[in-house]
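Following: one structure in structure tokens, then a few remarks.
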Amino acid sequence: MKLFKAAALAAVATLAAGTVAAETVLIHGEAGPNRGARAKAIQWFADQVAERSGGEMRIDVQWGGALFKANAALQSIHDGVADMGTIISVYYPQEFASYGIADLPLDNPDAWVGMRATDELFRTNTAIKAVLDEKNLVYIGTFTTSQVNIGCKGSAIRTVEDIDGLKVRGVGAYGKVFGEMGANMVRMSIYDAYQGLDSGLIDCSQGYSYAVSALKQAEVMDSYTLLNWGQVGGVGTFMNKDAFDALTGDEQALLLTTGSDMVDYFGQILTGANAKAVEDMKAAGLEIIELPEAERARLIEKGQSYIDEWVETANSTGLDGAAVLEEYRALLVKYTDLKDAQGYPWIN
């Protein structure tokens, strides 16, 4: 049954100091638990909306898939099961190919740069706006897993050749490239990687520095290779367009501005958490390896076929895949240059 909750219907009356005040309550569906970096950013978003609106607007986050699972988010938000929620692009490689651009193995290792590029693309590209309109969605803000790296037990990846023959847990285009490099790919959740490394079921696990730390995987790793390659960034907050259109102009602007600011907040969380995780690994005795530039270039080259594949998929959905990709690459350069010239926004 559809539980359509347009914002106009979500305004509830509350009694305060003898007067009746209208409060707009928006339901946010999140498949993940109320812990970790993304959950912290979502809660920050909710708190900021309440604060910036003077208490006149509130986000009620339903955690842990209480309203819908991750693989049902796109249709659920479209239908109004929640006013807004988190959509993960890997569950919709065809249906939401436009958002999959943020998952491509581009030369894009910086979390803040990737999120800022994705954020601007989804706010300004008219073709993507048409896709969102068709899906009854409004883009609010984006997340990322941050850069893809790889940790190993009993092995070390110092060159691309070292990947050959290793049993590797990997996902997405990055995992496929490891397979092309000769790895024996093992299907396994990142949450099971600790046991897999400890038991010898896998030699290495693709992951992200902050996640390695949070899941205590460094306890069963001997080396950790910084690939400086790319990230998985097709994760973000979207809103049901009917619910968004029912808001006032000021309320719409507040949500969009706060969603944009969330990118900087989440970037700060991830950048700090990743740096601390690597330092903690060093302190624990892990060998931290920086993949040489020539080796990194080989990974980027191998990933090109998956970028080309995305262009074809985007074309099949009616987008000009090459044009969107060109714009996205230009935005990556723009924000890389901005970061190099001015530093991160939370530092200045």
Phi to ³J(HN,Hα) by Karplus 6.51 cos²θ - 1.76 cosθ + 1.60 over region 149-158, Hz, x for Gly, Pro: 10, 8, x, 9, 10, x, 8, 8, 9, 10
Theoretical ellipticity at 222 nm over the chain - DSSP helices of four or more residues, -39500 (n - 2.57) apiece, nearest 500: -14000 deg cm²/dmol
Net charge of neighbours whose Cβ lies under 10 Å from the Cβ of Lys135, counting Lys and Arg as +1 and Asp and Glu as -1: -2
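Going down the table (Lys129/Lys176; Lys40/Lys276; Lys176/Lys276; Lys153/Lys216; Lys129/Lys241), which pairs top 20 Å between alpha carbons?
Cα-Cα > 20 Å for Lys129/Lys176; Lys176/Lys276; rest within.
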Distance cut-off 29 Å, percentage of C-alpha pairs in the chain lying past it: 42
Relative contact order computed over the chain (Cα-Cα under 8 Å; 6+ residues apart), in percent: 23
Ordering of 134-144, 66-76, 266-276 by burial proxy (mean other Cβ atoms within 10 Å per residue, highest first): 134-144, 266-276, 66-76
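Computing the accessible area with a 1.4 Å probe over protein heavy atoms, can you report the carbon and sulfur percentage for region 48-196?
Values: 2690 of 5600 Å².
The value for region 48-196 is 48 percent carbon and sulfur by accessible area.
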Antiparallel %, DSSP beta bridges [both residues in region 92-248], to 5: 75
DSSP beta bridge pairing in the chain, given as percent antiparallel to the nearest 5: 60
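Using a cut-off of 15 Å between beta-carbons, work out the net charge of the residues near Ile88 (Lys and Arg +1, Asp and Glu -1, Ile88 not included).
Numbers: positive: Arg38, Lys69, Lys135; negative: Glu30, Glu95, Asp103.
Once positives and negatives cancel, what remains is 0.
The values are calculated or read from the model by the stated rules, or taken from the named source; none is laboratory data. Every value quoted in this text rests on a predicted model; they were computed, and no experiment measured them. Reconstructed Cβ throughout: ideal geometry from the backbone, glycine too, with neighbour counts over all protein chains shown. The area values use the complete protein model at the heavy-atom level, side chains included, leaving out ligands, DNA and RNA. Shrake-Rupley method; radii C 1.70, N 1.55, O 1.52, S 1.80 Å.
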